[in-house]
1. State which residue is nearest to the chain's Cα centre (by Cα) when the search covers only region 97-140 and only residues that are of a type in the set (A, V, I, L, M, F, W, C), in a strand (DSSP E or B) and under 18 Å from residue 71 (Cα atoms).
2. Hey, residue 132 hits all of (1) loosely packed, with under 13 Cβ neighbours inside 10 Å; (2) at pLDDT 95 or above but one; which does it fall short on?
3. Can you say whether residue 60 is in a loop (DSSP other than H, G, I, E, B) and modelled with pLDDT of 95 or more, as far as the supplied structure shows?
4. Quick one: would you say residue 26 is modelled with pLDDT under 95, open to solvent by less than 40 Å² (accessible area, probe 1.4 Å) and touching a Gly at 6+ places or on another chain (Cβ under 8 Å)?
5. Take residue 49 and tell me if it is in contact (Cβ under 8 Å) with a residue 12 or more places away in the chain and out of contact with any Pro (no Cβ under 6 Å at 6 or more places or on another chain).
6. Just the residues that are more than 12 Å from residue 39 (Cα to Cα) and either in contact (Cβ under 8 Å) with a residue 24 or more places away in the chain or open to solvent by less than 70 Å² (accessible area, probe 1.4 Å) (or both), please, taken from region 99-113.
Amino acid sequence: MRLFFKIGLVLTMLSLLTGGLRAAEPAVGEKPPEVKLDEWISAQPDTAGKPVLLEFWATWCPPCRKSIPHLNEIHEKYKDKNLVIIGVSDEAPATVKDFQKGTPMNYPNGISKDLVKNYGVNGIPHAFLIGKDGKLLWSGHPMQLNAAVIESAVK
């Protein structure tokens, strides 16, 4: 019994030392944390009073790369209905810029070291659809986001 306690204590300490503490993922209907990025790769979009699809991703992540064409399609279809898509990576800006030379991302992207923790994200890609009122409407894998959910957000 004491051995399990010691192992648990060691794992907890390792988690604290490596920055493993994350906030709980916001629930649908709640106001998620404010979207503040450390640096924008593209121009910072105006999000005031607009629905926002926030997507956490990385250049090294195959499922993230597979989601990019889907997000480009969503962007093209709904940009005139004021849907703002924001891709967020915690990688170095140069890494993201180099990646985008070969993989077009038609929606705004930026860098944040803390936002992924603030949103309680444990795996990527992960997206959050935030309504015009600032409340969370949907959360999940970006490939699972369907038109009906987006349509309800842009009405």
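1. Only one residue tops the list, namely 127.
2. (1)
3. Working: in a loop (DSSP other than H, G, I, E, B): yes; modelled with pLDDT of 95 or more: yes.
For residue 60, the condition - in a loop (DSSP other than H, G, I, E, B) and modelled with pLDDT of 95 or more - is met.
4. yes
5. For residue 49, the condition - in contact (Cβ under 8 Å) with a residue 12 or more places away in the chain and out of contact with any Pro (no Cβ under 6 Å at 6 or more places or on another chain) - is met.
6. 99, 100, 102, 103, 104, 105, 106, 107
Conditions (1) in contact with an Asp or Glu (Cβ under 7 Å, 6 or more places away or on another chain); (2) open to solvent by 30 Å² or more (accessible area, probe 1.4 Å); (3) closer than 20 Å to residue 155 by Cβ; (4) at pLDDT 95 or above, marked per residue:
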{"site": "12", "(1), (2), (3), (4)": "no, yes, no, no"}
{"site": "17", "(1), (2), (3), (4)": "no, yes, no, no"}
{"site": "42", "(1), (2), (3), (4)": "no, yes, no, no"}
{"site": "50", "(1), (2), (3), (4)": "no, yes, yes, yes"}
{"site": "55", "(1), (2), (3), (4)": "no, no, no, yes"}
{"site": "65", "(1), (2), (3), (4)": "no, yes, no, yes"}
{"site": "68", "(1), (2), (3), (4)": "no, no, no, yes"}
{"site": "76", "(1), (2), (3), (4)": "no, yes, yes, yes"}
{"site": "87", "(1), (2), (3), (4)": "yes, no, no, yes"}
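The values are calculated or read from the model by the stated rules, or taken from the named source; none is laboratory data. Not measured: the values here are computed from a predicted model. Cβ coordinates were reconstructed from backbone atoms using ideal geometry, including for glycine residues, and neighbour counts include every protein chain displayed. Only protein heavy atoms, including side chains, enter the accessible area calculation; ligands, DNA and RNA are left aside. Shrake-Rupley method; radii C 1.70, N 1.55, O 1.52, S 1.80 Å.
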